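> Pasting in a structure now, in structure tokens, and then I'll have a few things to ask.
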């Protein structure tokens with residue numbers, strides 16, 4: 001089951017957060033420059049993927065596991081359809097992210113610009129400034145941890161890519177309480193045509209406006 005806090009963890013997605021790997025022979029400035037260069041190469045490649053769809057498995061902070069199908073269209077659009085018995089859908093239309101509870105016919109709404117999910121869905125993934133907290137390169141995975149305290153507070157998003165193809169494999173969101181949720185994606189298709197109705201948000205419905213990081217009670 002996904003909760004209000006769960007949306008923020010999703011990116012609004014189990015593995016630990018990446019730490020900056022020590023690089024002998026380089027000072028702190030040199031390490032930051034090398035990390036940013038590696039991260040930006042991957043980000044530039046990923047930014048060229050305008051659309052993608054596939055399946056996902058989500059691991060929550062208490063070990064709970066859910067899955068379903070996802071759709072992403074850059075910039076700003078996303079949809080997660082959770083498989084039964086869950087009655088939830090997560091939708092981003094480019095300006096808002098909502099949790100749609102189809103069983104209770106309720107909707108919780110968040111500004112996309114105030115969630116770490118924005119970094120994933122931007123038209124260009126900008127890793128300039130202090131957004132890159134760490135980069136770790138391993139044989140089977142390149143891990144980039146991002147944060148923007150000005151917009152997301154203490155939340156972070158960690159993106160994990162295939163080091164050869166630069167394809168996104170999974171991401172982890174750490175919420176302001178330090179709890180992690182990881183989303184792993186598979187059977188991914190890129191450059192596909194997606195029905196735009198999937199990203200529509202019905203603003204006429206009754207919804208609750210939430211602020212990321214607020215002490216919202218779980219459902």
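We did not get these values from a lab; they are worked out from the coordinates using the rules stated. All values derive from a computational prediction rather than experimental measurement. Reconstructed Cβ throughout: ideal geometry from the backbone, glycine too, with neighbour counts over all protein chains shown.
> Using only the alpha carbon atoms of region 70-219, find the Kirkwood hydrodynamic radius as the inverse mean reciprocal pair distance, in angstroms to one decimal.
Over region 70-219, the inverse of the mean reciprocal pair distance is 16.5 Å.
> Need one number: nm distance between label points at residue 57 and residue 104, each 7 Å from Cα along Cα→Cβ, rounded to one decimal.
With each label point 7 Å from Cα toward Cβ, the separation is 2.8 nm.
> Counting other C-beta atoms within 10 Å, which of 122, 108 has the fewest, and how do the rest follow?
122, 108
> When the chain is fully extended, how far beyond the present Cα-Cα distance does residue 41 get from residue 139, taking 0.36 nm per residue of separation?
Gain in length upon complete extension: 33.6 nm.
> With label points built 7 Å along Cα→Cβ from the Cα atoms of residue 189 and residue 126, find their separation and express it in nm.
Placing both labels 7 Å beyond Cα along the Cβ direction yields 3.3 nm.
> Now for a separate question. Could you work out how much longer the chain between residue 197 and residue 149 gets when fully extended? Use 0.36 nm per residue separation minus the Cα distance between them, nm to one decimal.
This chain segment gains 14.0 nm when fully extended.
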